1. Straight-line reach from A:LYS108: which aspartates and glutamates have a Cα under 17 Å away, not including same-chain ones fewer than 8 places off?
2. If all Cα-Cα distances of the protein assembly as shown are sorted into 10 Å bins from 0 onward, what percent lands in each bin, rounded to whole numbers?
3. Kirkwood-based Rg over Rh for chain A (C-alpha set), two decimals?
4. Counting partner chain Cβ atoms within 10 Å of every residue's Cβ in A:19-27, what's the average?
5. Given points 7 Å out from each Cα along the Cα-Cβ axis, report the A:ASP185 to B:ALA187 separation in nanometres with one decimal.
6. Mind checking the mean number of beta-carbon atoms from other chains within 10 Å of the Cβ atoms in B:29-36?
7. Where is the GNM fluctuation largest for chain B (alpha-carbon springs, 10 angstrom cutoff): B:THR116, B:THR230, B:THR196?
8. List, shortest first and in nm to one decimal, how far the label point of B:ARG60 (7 Å from Cα along Cα→Cβ) is from its counterparts in the other copies.
There are 2 protein chains.
Amino acid sequence: MGGIPSVTTGDKIRVSEIFGPTIQGEGALIGVPTVFVRTGGCDYRCSWCDSLHAVDAEYRDTWKPMAPAAVMAEIEALSGGAPLMVSLSGGNPAIQPLGALIELGQGKGYRFALETQGSLARPWFGDLDMLVLSPKPPSSGMPVDWQIFNHCVAAAAEAKTVLKIVVFDEQDYQWAREVAGHYPDLAVYLQPGNHTPPPPDDDAAVVDQEGVDARMRWLVDRVIEDRWFTAKVLPQLHVMLWGNKRGV
Amino acid sequence: MGGIPSVTTGDKIRVSEIFGPTIQGEGALIGVPTVFVRTGGCDYRCSWCDSLHAVDAEYRDTWKPMAPAAVMAEIEALSGGAPLMVSLSGGNPAIQPLGALIELGQGKGYRFALETQGSLARPWFGDLDMLVLSPKPPSSGMPVDWQIFNHCVAAAAEAKTVLKIVVFDEQDYQWAREVAGHYPDLAVYLQPGNHTPPPPDDDAAVVDQEGVDARMRWLVDRVIEDRWFTAKVLPQLHVMLWGNKRGV
């Protein structure tokens, strides 16, 4: 299992990387200029993880404990002090103490979205501008604890909450339909999986973009065939434009 | 100039094509399952028009006058009677009598978005679920009448209204910044132009996708460089996935 932190370092956040601004490449905020704060450590280890450098404990030496004010200072430096959207991702950012950062940043006009699998509910989810719950489908090899997932939905009551589900195959797709059916009030974004995720040490590794595009077309066909017109289907635009390159 | 209709055929709508459902490939509704109604005829003739088969009077014999009920019947047949988003495009759909279609469809649960350059204001703009105003930048070769454009914004008071601006070069970009500055309340979507639009008779024509992608990356860089963080930058996803092919 990839690096569950048993103790956080005071109120420090374990940061794998901070980068941007660039546009958000996927989901509800696609196209929105964003600074990304990727935290280190995850309680999941999905078979097709595309961020192993922020998940696998082998890379924990590259994760830096930072106080919320230090993270915010770096976000402000990157954005030239102009408020924008901040995406908190990982790893699983929910295992980090992010409440203080969100409060600090929002006081300066920044907005915060967080993406998590929904395996840990936090009271500060309700402070987010957007919570992206991304439950992992069967192909991930990870089971979902739906009781905890529901706690996440409840904790985010005041935040705009959406579902984002990665789909690799028909089984994932059927699972996504079932999950979406249980949360009729949440907008659903489907995303074709990338079967050629970057090795953690090589972000120049080639993506089988034609294969991913074919999966995207298939996913559109499936949604249309089933008349699932409330689902939105979006690719990982950053991978289409920049490949597996990090920091864009 | 491409086919300004001086007389509409009763209350009939001049339809170039009705297709879908497929996902919307661009702008605020990207990824949303949609049926497209493309009307025939346009009061503009942009230098880089990608829909000449619905603009150039040479193709007017392919445009079919249809009663609103007939258009709605085709939308329902394509969607299997399940309500979804309908995109009214063209040509310039604003020159068609679309109010009755919108009323009829909304009564059945369908939603309607319309995309126009903003050269003609219609009272029924206010009934739309979304109005996409897409003023044409200098590279189009078309001048904008801002007084009429403002009438469009006013007419759409009750509709969600967004700006979508196609950008080919630095001049277009600077123009887009200026235009957006005049409409601070409207969300702005920037879209890199396709310099290899399909010839009207050949939808298998090859797109210079690498060139368009390079323009997309440049556009992201420009927005970030200027810290224009309220702009959203999105490509034509359908062209990335399906090329210039029609009907997807």
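The numbers here are math on the coordinates, done by the rules we state, and not lab data. Quantities reported herein were computed from a predicted structural model and do not represent experimental measurements. Note that we place each Cβ from the backbone using ideal geometry, even for glycine, and neighbour counts take in every protein chain shown.
1. In chain and number order, the partners are A:GLU74, A:GLU76, A:ASP127, A:ASP129.
2. Calculated over all Cα pairs of the protein assembly as shown, the distribution is 4, 19, 29, 26, 15, 6, 1, 0 percent.
3. For chain A, the value is 0.94.
4. On the way: counts 0, 1, 6, 6, 9, 2, 0, 1, 1.
Mean partner-chain Cβ count within 10 Å for A:19-27: 3.
5. If labels sit at A:ASP185 and B:ALA187, their model points lie 2.1 nm apart.
6. Numbers: counts 1, 6, 14, 6, 10, 1, 1, 0.
The mean count of partner-chain Cβ atoms within 10 Å per residue comes to 5.
7. Residue with maximal mean-square fluctuation among B:THR116, B:THR230, B:THR196: B:THR230.
8. 7.4
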